[in-house]
Amino acid sequence: MSQSFAAGSRKYSETVHADSLCWTPSINSKPGVCIENMPSEMLIKVFSYLDAVSLLHVACVNKRFYQLASDNGIWLKMYFSCFPAKRRIWKNEFLQMETVPSSCAVVEDRKPGYWKKEYILKQIAAVKTRVMQLVKPVDPCTGLPCKNQKAIKASGLSWVIVLKDKNGKEHVMEKAHLSFKHTSVSIFWHGTGWPCLDVLSTLKLFGVIPLLPDQSTAPSKNGPRRRSLIAEYSLSHLTESSVAVGSDNLVQLFSLNPGLVVGLWKGSNEIAFVMVSLHYHQLLERSALGSATVQYVLPPDKPVLDDIDPEYGLHDYDLHLDMHSEKHTYMCGTFKSLFCRKGDIENGYLKLTVVSLKDNAKHIPLIGTVGLSWETAAFKGIVKDCYMMDVTVLDETQKPFWCFSAPVCMELSSKVSNLYDYMGHIYITDYADSEGKVCVELVWLEETKEYFIVSLVLYISTEKVNNWYGTKY
């Protein structure tokens with residue numbers, strides 16, 4: 001025989017046999033409510049209360065959510081709330097513009113996701129326009145935009161480094177401290193989660209721009225973003241192949257071109273911090289227009305030929321020079337009308353003498369104690385006789401010709417100063433890349449505890465000059 005009875009809110013069934021008596025309970029529970037089981041109309045209503053970034057997040061859940069979060073009705077409403085349609089009307093014999101309510105806008109049948117795409121493209125174009133307006137004014141001394149810092153903030157631009165170990169695993173360092181200078185920005189990363197240098201193979205520097213920058217809030221690392229590869233450095237043989245910039249009691253600094261400094265704790269291969277200095281010239285383009293794997297390539301300069309000037313491309317160069325650390329500027333100056341005679345071209349370089357050893361009137365003092373400052377969460381210090389050098393060379397039309405920002409150090413020379421006004425130890429600073437060289441000679445005056453630049457010479461590659469001016473030096 002069998003019978004059933006109810007106990008509380010659950011139903012039990014009991015089966016009775018002649019030889020034995022047993023019962024087996026069965027529970028009929030109602031299925032749980034899940035957002036994925038909700039009707040599409042209800043989900044679209046819920047999604048309509050989200051902002052653009054949240055909608056893009058929701059679209060990553062699954063295919064159905066992607067289709068619903070791309071609903072034209074949601075994005076059309078969002079589009080017209082940010083970019084109201086306008087129409088021309090005549091009022092009192094004057095042509096005026098008035099806003100058209102979104103409900104009055106003509107909505108044609110569009111493919112799914114059309115208004116989502118239009119909204120994103122319009123937002124990107126609006127940010128680009130705002131940034132272009134900020135970078136339009138140019139500093140006459142440097143030939144660079146005056147409002148780079150504001151333009152960087154308006155675009156939401158930030159920078160990250162990605163450390164890749166020998167097994168292919170990537171370690172992303174996002175939190176950085178920025179220090180803006182006259183012609184460059186220095187970026188510092190420090191923390192406690194650094195992988196050991198022994199297992200690392202490469203370091204990549206990326207510019208990161210949010211897809212939808214919000215001017216009222218700081219850029220979020222969780223929103224949709226685009227990466228642009230700026231530089232890639234090999235760390236496999238860092239202490240052997242790179243240049244040792246200097247050291248103090250705690251850290252030793254190594255530099256890699258372009259502009260990278262890696263600080264290692266003394267006595268170990270543990271990273272203390274990473275610092276990079278980026279020159280402002282084409283910085284926004286390099287940080288935004290590349291891809292995650294390919295760097296942005298500057299468009300080639302079209303040479304303007306001149307058959308009249310026999311020394312075309314050899315004169316009227318301007319130099320803007322910055323020597324600084326994160327917190328101090330040791331020297332900042334502009335030098336105009338630099339030139340090179342044809343007879344001074346040697347070994348494939350134009351020689352531009354900026355400060356002559358024989359001209360005492362142009363010798364320049366450095367302000368303050370020269371050193372590259374660093375800081376981590378627990379320690380800070382300064383590596384003496386090191387600094388960042390920012391070089392901006394303009395051509396005769398005041399266009400940036402050769403620009404870089406790099407860490408350099410002052411090395412004690414074996415020479416002794418024979419200048420009557422400067423009796424002291426001589427220090428040398430040299431920098432070189434594929435486009436040129438910079439040679440600086442300084443004298444340390446013990447009486448006044450300061451350095452004086454007594455010689456400064458630029459050497460510019462004739463290959464670069466020929467490519468720029470169309471000449472054949």
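The values are calculated or read from the model by the stated rules, or taken from the named source; none is laboratory data. These figures come from a predicted structure and were not determined experimentally. Here the Cβ positions follow ideal geometry from the backbone for every residue, glycine too, while neighbour counts run over all protein chains shown. The accessibility values were calculated without ligands, DNA or RNA, using every heavy atom of the protein model including side chains. Shrake-Rupley method; radii C 1.70, N 1.55, O 1.52, S 1.80 Å.
Here VAL131 meets the list (1) open to solvent by less than 50 Å² (accessible area, probe 1.4 Å); (2) farther than 25 Å from LEU264 by Cα; (3) in contact (Cβ under 8 Å) with a residue 12 or more places away in the chain; (4) out of contact with any helix residue (DSSP H, G or I) (no Cβ under 8 Å at 6 or more places or on another chain) almost entirely, failing just condition (4). If you filter the range 154-206 down to residues that are touching a residue at least 40 places away in the same chain (Cβ under 8 Å), assigned to a loop (DSSP other than H, G, I, E, B) and under 13 Å from the mean Cα position of the chain (by Cα), you find that the one that is farthest from VAL251 (Cα to Cα) is GLY156.
Can you name every residue in the range 323-365 that is surrounded by fewer than 15 Cβ atoms within 10 Å (Cβ to Cβ) and hydroxyl-bearing (Ser, Thr, Tyr)? Once the filter is applied, which keeps residues that are surrounded by fewer than 15 Cβ atoms within 10 Å (Cβ to Cβ) and hydroxyl-bearing (Ser, Thr, Tyr), the range 323-365 yields THR334, SER337, SER356.
Would you be able to say whether some residue in the range 274-283 is modelled with pLDDT under 95, surrounded by fewer than 17 Cβ atoms within 10 Å (Cβ to Cβ) and of a type in the set (S, T, N, Q)? The answer is yes, given that some residue of the range 274-283 is modelled with pLDDT under 95, surrounded by fewer than 17 Cβ atoms within 10 Å (Cβ to Cβ) and of a type in the set (S, T, N, Q).
Take the conditions more than 24 Å from the chain's Cα centre (by Cα), at pLDDT below 90 and over 25 Å from VAL391 (Cα atoms) and apply them to VAL127. Does it pass? No: the conditions fail for VAL127.
Among residues of the range 272-287 that are more than 29 Å from LEU250 (Cβ to Cβ), those with a beta-carbon under 6 Å from a residue that is open to solvent by less than 10 Å² (accessible area, probe 1.4 Å) and aliphatic (A, V, I, L, M) at least six positions away or on a different chain give the pairs TYR280/LEU144. Counting only residues that are open to solvent by 50 Å² or more (accessible area, probe 1.4 Å) and among the aliphatic types (A, V, I, L, M), the range 366-379 holds 3 of them. Within the range 247-263, not a single residue is in a strand (DSSP E or B), aliphatic (A, V, I, L, M), open to solvent by 30 Å² or more (accessible area, probe 1.4 Å) and farther than 24 Å from VAL297 by Cα.
Of the residues LYS91, LYS111, LYS117, only one is open to solvent by 30 Å² or more (accessible area, probe 1.4 Å) and at pLDDT 90 or above; which? Write out each step before concluding.
Values: LYS91 fails: at pLDDT 90 or above; LYS111 fails: at pLDDT 90 or above.
Residue meeting the stated conditions: LYS117.
Those strands (runs of 3 or more DSSP E) of the range 399-473 in which 3 or more residues are at pLDDT 95 or above and open to solvent by less than 20 Å² (accessible area, probe 1.4 Å) occupy 400-409, 436-445, 450-461.
Condition test on ILE308, is it among the hydrophobic types (A, V, I, L, M, F, W, C) and loosely packed, with under 14 Cβ neighbours inside 10 Å?
Values: among the hydrophobic types (A, V, I, L, M, F, W, C): yes; loosely packed, with under 14 Cβ neighbours inside 10 Å: yes.
So ILE308 fits the description; yes.
Among the residues of this structure, THR392 counts as one that is open to solvent by less than 10 Å² (accessible area, probe 1.4 Å) and touching a strand residue (DSSP E or B) at 6+ places or on another chain (Cβ under 8 Å).
Looking at the structure I just gave you, is LYS175 out of contact with any Cys (no Cβ under 9 Å at 6 or more places or on another chain), of a type in the set (Lys, Arg) and within 24 Å of ILE271 (Cα to Cα)?
Working: out of contact with any Cys (no Cβ under 9 Å at 6 or more places or on another chain): yes; of a type in the set (Lys, Arg): yes; within 24 Å of ILE271 (Cα to Cα): yes.
Against the criterion (out of contact with any Cys (no Cβ under 9 Å at 6 or more places or on another chain), of a type in the set (Lys, Arg) and within 24 Å of ILE271 (Cα to Cα)), LYS175 qualifies.
Would the range 342-359 turn up any residue that is assigned to a helix (DSSP H, G or I) and either of a type in the set (Asp, Glu) or under 21 Å from ASN257 (Cα atoms) (or both)? Looking through the range 342-359, at least one residue is assigned to a helix (DSSP H, G or I) and either of a type in the set (Asp, Glu) or under 21 Å from ASN257 (Cα atoms) (or both). Report yes if ALA292 is touching a residue at least 40 places away in the same chain (Cβ under 8 Å), surrounded by 17 or more Cβ atoms within 10 Å (Cβ to Cβ) and within 30 Å of MET132 (Cα to Cα), otherwise no. Taking the combined requirement at face value, the residue does not satisfy it.
Is it the case that VAL199 is open to solvent by 20 Å² or more (accessible area, probe 1.4 Å), at pLDDT 90 or above and not polar (S, T, N, Q)? When the stated conditions are applied, VAL199 passes them.
Run LYS204 past the list (1) at pLDDT below 95; (2) open to solvent by 10 Å² or more (accessible area, probe 1.4 Å) and report the number of the one that doesn't hold. Condition not satisfied by LYS204: (1).
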